[in-house]
Amino acid sequence: MGPHAVETLVGGSWIGSDEWVEVGNPADARVPVAAVPALSSAQVSAAYDSAEAGFEAWRRASAFERAEVLVRAAGLLRERLDEVAADIVAENGKTIAEARIEVIKSAEFLEYYAALARQPYGTLLNDSRPGTTASVRREPVGIVLAITPWNDPLLTPARKLSPALMCGNSVVLKPASQTPLSGLHLARALHDAGLPAGALNVVTGRSQDVAAALVADERIAAVSFTGGNEVGDRLRVDLAARNLRYQAEMGGKNASVILADADLDLAAAGVVAAAFGGCGQRCTATSRVIIDRSVSAAYVARLTERVESLRVGPGIDPGSNMGPLVSASHLSTVIGFIGRAIQQGARVVTGGTRPDDESRRHGHFLLPTLLADVTPEMEIWRAEVFGPVVVMREVDGLDEAIAATNDSDFGLSAAVFTAGLASAQRFIDEVECGQVAVNTSTAGWDVHFPFGGFRQSGSPFKEQGDEAVRFYTRVKTVAVHIPSSIERP
């Protein structure tokens, strides 16, 4: 008997396809989790037909009607917490504790944007012409294509769909091929909450098979993408001539700086949480640690002790602190980065290999890894590894620490650990990152915080908070003149 089949949502109906694609299990590659439809190009086109009709209905719903759907969907996610979290663990590999937090945060996105119903959506303007009033209003842009990754398979769709739908758009969602079940849980919650047919359509299947049909449709008004730079940059070029808006959240090579006056225990705990949560498969994960030379030995000893105490195992085991990587191919990529770093002169402090016991042999497990003696010339200092690998470099003082932090093509997230207010303020002012933390980790931003990076980490459009509304709406300026010939009350 094969894996159980899970249908996808198109036009308000749950559908299958002539072909199905298996969803792998990162903790045990021998046992697939499920199978989802591998939609054809014709079915992708039909999804846009449904989105076009769905937009016309959904945009006319009042803000309060939209909010009711989002709030009910949030409630359903909370009610289904155990079921949804179990599927996140099964297809992604993260721990059950991390998966449960992801479900709750996803519900919070829906609830936060539902609150827009009671917020202003425009402004009044003074007009110099007699008898004329002017205003500015925001309205939905149309059909949004949302392309989401496998690392936060429920949270990232919720981050995009919540503001997009609340603003009155319809959405075509393409979840990552490795982790479609989580996005389908979100779609089911919205569908069961009363979202009109066509307002959300989910395209499942192999990305390479549907990519052309997904992006080529001329009815798309906006594309929101989260993923790697290679795909994101190619999308930017392909979409540039089409006069539609593009939002991208891409790579990071995030630094945590440990200054000489830092609380070393606090800094060790913060880095472990940021670097190895989600098996390091987070865009905001700390992957570079920059340490003042005067405290380097003491700090590395504390950090190593904490890293070696992590328990690596199946995410469903409540005793596991870190699960497997998402796939065999990604595991191979990460191991390749480590091997080349060693060849280039890096020193393994701890980890760097797969567990050698029988119980984890069939999963994509890797021990959490610390690499020392890393120099700016090494590939691993600059490239995004996207795994449980931290590289360490010593510097002398704040100036060198800021320069090392900025020595990257990326600019997503950075942190500094220090007891000095002046040092913290200089770091905040001078690092080229969209997210900056002081004495806490690079990861863990809340739903109402604007989120996004600089440089090669993303586009000018931020996600989350009220900044997201700017992307999912367009501005219309209105002037109304009442001629003197019309009797006024």
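The values are calculated or read from the model by the stated rules, or taken from the named source; none is laboratory data. Everything numeric in this text was worked out from a predicted model, so none of it was measured. Cβ: placed from backbone, ideal geometry, glycine included. Neighbour counts: every protein chain shown.
Tabulated data for the structure shown
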read-out: Only listed residue being within 24 Å of Val203 (Cα to Cα) and more than 23 Å from the chain's Cα centre (by Cα), chosen from Glu102, Glu79, Glu56; value: Glu56
read-out: All positions within the stretch 255-298 that are buried (at least 23 other Cβ atoms within 10 Å of the Cβ) and of a type in the set (Ser, Thr, Tyr); value: Ser256, Thr284, Thr286, Ser287
read-out: Meets criteria (surrounded by fewer than 21 Cβ atoms within 10 Å (Cβ to Cβ), modelled with pLDDT of 95 or more and on the phi > 0 side of the Ramachandran plot) for Asn406; value: no
read-out: Residues being of a type in the set (A, V, I, L, M), in a loop (DSSP other than H, G, I, E, B) and modelled with pLDDT of 95 or more - total across the stretch 421-446; value: 1
read-out: Failed condition for Trp381, given (1) under 25 Å from Ile290 (Cβ atoms); (2) free of Cβ contacts under 8 Å to residues at least 40 places away in the same chain; value: (2)
read-out: Scope the stretch 145-175; condition more than 23 Å from Asp466 (Cα to Cα) and touching a residue at least 40 places away in the same chain (Cβ under 8 Å); matching residues; value: Trp150, Asn151, Lys174
read-out: Count - residues of the stretch 1-25 that are within 20 Å of Leu200 (Cβ to Cβ) and in a loop (DSSP other than H, G, I, E, B); value: 6
read-out: Residue within the stretch 353-372 that is assigned by TED's automatic domain parsing to the domain that holds Ser413, under 12 Å from Cys279 (Cα atoms) and in contact with a Cys (Cβ under 6 Å, 6 or more places away or on another chain) present; value: no
read-out: Residue within the stretch 476-485 that is within 29 Å of Gly232 (Cβ to Cβ) and out of contact with any Pro (no Cβ under 6 Å at 6 or more places or on another chain) present; value: no
read-out: Considering residues of the stretch 300-321 that are among the aliphatic types (A, V, I, L, M) and not in a loop (DSSP other than H, G, I, E, B) only, the residue farthest from the chain's Cα centre (by Cα); value: Ala301
read-out: Selection status of Ala99, outside the structural domain of Pro318 (by TED's automatic domain parsing), among the small types (Gly, Ala, Ser) and at pLDDT below 95; value: no
read-out: Members of the stretch 371-420 that are more than 25 Å from Ser459 (Cα to Cα) and in a helix (DSSP H, G or I); value: Gly397, Leu398, Asp399, Glu400, Ala401
read-out: Any pair with Cβ under 8 angstrom, 6 or more apart, that starts in the stretch 461-472 at a residue that is farther than 10 Å from Ala164 by Cβ and assigned by TED's automatic domain parsing to the domain that holds Leu155 and ends at one that is of a type in the set (Asp, Glu) and crowded, with 17+ Cβ neighbours inside 10 Å; value: Glu463/Glu249
read-out: Subset tally (residues that are surrounded by 14 or more Cβ atoms within 10 Å (Cβ to Cβ) and either more than 17 Å from Gly313 (Cβ to Cβ) or among the acidic types (Asp, Glu) (or both)) for the stretch 351-378; value: 7
read-out: Looking only at the stretch 178-216, and only at residues there that are part of a loop (DSSP other than H, G, I, E, B) and either at pLDDT below 95 or β-branched (Val, Ile, Thr) (or both), the one that is nearest to Asn92 (Cα to Cα); value: Thr179
read-out: The listed residue being crowded, with 19+ Cβ neighbours inside 10 Å, within 18 Å of Val271 (Cα to Cα) and outside the structural domain of Val289 (by TED's automatic domain parsing), out of Ala415, Ala443, Ala401; value: Ala443
read-out: Residue in the stretch 478-488 that is of a type outside the set (D, E, K, R), assigned to a helix (DSSP H, G or I) and either touching a residue at least 40 places away in the same chain (Cβ under 8 Å) or not assigned by TED's automatic domain parsing to the domain that holds Val272 (or both) present; value: no
read-out: Filter pass, Gly75 being touching a Ser or Thr at 6+ places or on another chain (Cβ under 6 Å) and at pLDDT 95 or above; value: no
read-out: Output for the stretch 367-392, where each listed residue is under 24 Å from the mean Cα position of the chain (by Cα) and polar (S, T, N, Q); value: Thr369
read-out: Which listed residue, of Val390, Val395, is in contact with a strand residue (DSSP E or B) (Cβ under 6 Å, 6 or more places away or on another chain), among the aliphatic types (A, V, I, L, M), touching a residue at least 60 places away in the same chain (Cβ under 8 Å) and surrounded by 23 or more Cβ atoms within 10 Å (Cβ to Cβ); value: Val390
read-out: Residue check, Glu83 surrounded by fewer than 16 Cβ atoms within 10 Å (Cβ to Cβ), in contact with a strand residue (DSSP E or B) (Cβ under 9 Å, 6 or more places away or on another chain) and not assigned by TED's automatic domain parsing to the domain that holds Pro368; value: no
read-out: Subset of the stretch 125-177 (residues that are of a type in the set (A, V, I, L, M) and part of a loop (DSSP other than H, G, I, E, B)); value: Val141, Leu154, Ala176
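Residue-wise test of (1) hydroxyl-bearing (Ser, Thr, Tyr); (2) in contact (Cβ under 8 Å) with a residue 40 or more places away in the chain.
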| residue | (1), (2) |
| --- | --- |
| Pro3 | no, no |
| Gly11 | no, yes |
| Val33 | no, yes |
| Ser50 | yes, yes |
| Leu70 | no, yes |
| Asp82 | no, no |
| Ile101 | no, no |
| Ser106 | yes, yes |
| Phe109 | no, yes |
